[in-house]
Amino acid sequence: QVQLVESGGGLVQAGGSLRLSCAASRSIFSINAMGWYRQAPGKERDLVATITNHGSTNYGDSVKGRFTISRDNAKNMVYLQMNTLLPEDTAVYYCAAKQGIIGGTVPSAYDYWGQGTQVTVSS
């Protein structure tokens with residue numbers, strides 16, 4: 001079991017930056033993958049970025065080149081640096097953890113989820 005707590009969300013103007021943090025309640029060294037997902041009102045939960053315990057990353061098409069995911073196993077932390085934010089990035093952002101190696105990046109493959117943090121980008 002692992003609890004995840006997100007922080008760093010807020011209101012920002014288009015073109016601005018935010019850094020989200022995800023704190024895990026225990027070591028994430030053995031967790032295969034950590035990820036960030038987002039969900040806007042009336043929409044499905046979508047992939048933002050994932051990172052394996054070997055450092056391999058995967059990004060959603062709409063955030064490639066603008067967002068960067070990283071993890072610090074020593075601190076049990078995962079980060080999402082978001083640059084050049086757009087109004088369409090507005091959503092609740094969730095941190096997630098996947099114990100196993102199957103399922104790829106689909107949200108249903110992830111075992112643990114945080115409560116989410118709101119990101120609002122104004123135009």
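The values are calculated or read from the model by the stated rules, or taken from the named source; none is laboratory data. Computed from a prediction, not measured in an experiment: that's the story for all the values here. Neighbour counts are summed over all protein chains in view; Cβ atoms, including those assigned to glycine, are modelled from backbone coordinates with ideal geometry. Heavy atoms of the whole protein, side chains included, go into the accessibility calculation; ligands, DNA and RNA do not. Shrake-Rupley method; radii C 1.70, N 1.55, O 1.52, S 1.80 Å.
A few remarks follow.
- Three semi-axes of the equivalent ellipsoid, the range 51-105, Cα gyration tensor, whole Å, largest first: 21, 14, 11
- Euclidean distance of C-alpha centroids, the range 74-123 and the range 1-35, integer Å: 7
- At R0 = 25 Å, FRET efficiency that the Cβ-Cβ distance of S7 and D61 yields, to 0.05: 0.45
- The loop-placed trypsin sites (Lys or Arg not before Pro) in the range 66-123, going by DSSP, that have at most 16 neighbouring Cβ atoms within 10 Å of their Cβ come out as R66, K75.
- Rounded accessible area of I101 (nearest 10 Å², 1.4 Å probe): 140
- One compactness figure for the chain is 0.97, namely its Cα radius of gyration divided by 2.2 N^0.38 Å.
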